[in-house]
Amino acid sequence: MSVEDSTAVWDEQDGLHPTQSLDDTVHQRVRLGILTVSKEADRVEFGFLKKQLAVTDGNLSRHLKVLEESGLITVEKGYAGRRPRTWIALTRNGAQALDAEIRALRALVRRLETSRPTSGPSGT
């Protein structure tokens, strides 16, 4: 789902299930974590993200590449003193995609909270 499509929010009148609005790029656990942590600050350092999300360097790098190629984050390399650093920042499209994902998740929760319990496969 593209960023433009991800702004779709479940609507009872459309008859679509709220999961239809979830963005596969954003919804993956580590990528959702990257976006949410990045939204909390102007920019976040690679090592901080790695620790917060409990992932390896390679795993985090791969997810950052997916988000960067999708235009949802920017990655800036530089130095803090003599130590190389990598900083990640949320783009405007990234913030919009995250907001759309949160709206879709809220719609899903509302649907579950207001739905009647259904019987199991055996009809019991």
Given (1) over 18 Å from ARG106 (Cα atoms); (2) modelled with pLDDT of 95 or more; (3) surrounded by fewer than 19 Cβ atoms within 10 Å (Cβ to Cβ), SER2 misses just (2)
Selection count where residues are more than 8 Å from the chain's Cα centre (by Cα) and over 16 Å from GLY71 (Cβ atoms), scope segment 31-45: 7
Of all residues being loosely packed, with under 15 Cβ neighbours inside 10 Å and touching a Lys or Arg at 6+ places or on another chain (Cβ under 7 Å) in segment 26-75, which is nearest to GLU101 (Cα to Cα)? Just the residue, please. GLU45
Among (1) within 25 Å of ARG106 (Cα to Cα); (2) at pLDDT 95 or above; (3) over 14 Å from the mean Cα position of the chain (by Cα), the one test that VAL75 misses: (1)
How many residues of segment 78-98 are within 12 Å of VAL44 (Cα to Cα) and either in contact with a His (Cβ under 8 Å, 6 or more places away or on another chain) or without any contact (Cβ under 8 Å) to a residue 40 or more places away in the chain (or both)? The answer is 0
So which residues in segment 46-92 are touching a helix residue (DSSP H, G or I) at 6+ places or on another chain (Cβ under 6 Å) and over 17 Å from LEU32 (Cβ atoms)? VAL75, THR86
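The values are calculated or read from the model by the stated rules, or taken from the named source; none is laboratory data. As the structure is a computational prediction, the values presented were derived from the model and not from experiment. Note that we place each Cβ from the backbone using ideal geometry, even for glycine, and neighbour counts take in every protein chain shown.
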